[in-house]
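Q: Below is the structure I would like to discuss, written out as structure tokens.
The values are calculated or read from the model by the stated rules, or taken from the named source; none is laboratory data. Keep in mind the model is a prediction, meaning the values are calculated, not measured. Cβ placement follows ideal geometry from the backbone for every residue including glycine, while neighbour counts extend to all protein chains displayed.
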Amino acid sequence: MFSRLITKVLEMDKKEARNRKTEPYLSYLLRLWSVQVEEKEYSWRGSIEDPKTGKRIGFANLDELFAFLQMQTIAAAKEARMNQ
């Protein structure tokens, strides 16, 4: 029973890996924290880290973070279309 489960999981991993070759895929480690900017006001800061390269980018607010992610997803989709 356990060996069948492991076999099934490995097959699923292989299928997922094949799909990633043809479909855009992005992966980041996301960190969020709040900082006090005025007496009763807080703002969210964030950083993302690329797990492949270890490169980390910081953001002063969530709007900057979301804008970066939107640019990355658009670029990944364009690249995938060009590679078809």
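Q: What number of residues in region 34-43 are of a type in the set (A, V, I, L, M, F, W, C) and at pLDDT 95 or above? Lay out the reasoning, then the answer.
A: At the first step, the residues of region 34-43 found to be of a type in the set (A, V, I, L, M, F, W, C) are 35, 37.
Subsequent filtering for residues that are at pLDDT 95 or above retains 35.
Qualifying residue count, region 34-43: 1.
Q: On to the next question. If a residue must be modelled with pLDDT of 95 or more and loosely packed, with under 11 Cβ neighbours inside 10 Å, how many such residues does region 13-33 contain?
A: We begin by selecting, within region 13-33, every residue modelled with pLDDT of 95 or more; these are 28-33.
Of the ones still in play, those that are also loosely packed, with under 11 Cβ neighbours inside 10 Å are 30, 33.
The total comes to 2.
Q: Further, regarding this structure: Out of the residues in region 44-84 meeting the condition of being surrounded by 13 or more Cβ atoms within 10 Å (Cβ to Cβ) and of a type in the set (Gly, Ala, Ser), tell me which one is modelled with the lowest pLDDT.
A: It comes out as 80.
Q: Still on this structure, I have one more. Need pairs with beta-carbon distance below 8 Å; first residue under 16 Å from residue 65 (Cα atoms) and free of Cβ contacts under 8 Å to residues at least 12 places away in the same chain and within region 29-55, second acidic (Asp, Glu) and surrounded by 10 or more Cβ atoms within 10 Å (Cβ to Cβ); sequence gap 6+ or separate chains.
A: Correct list of pairs: 55/49.
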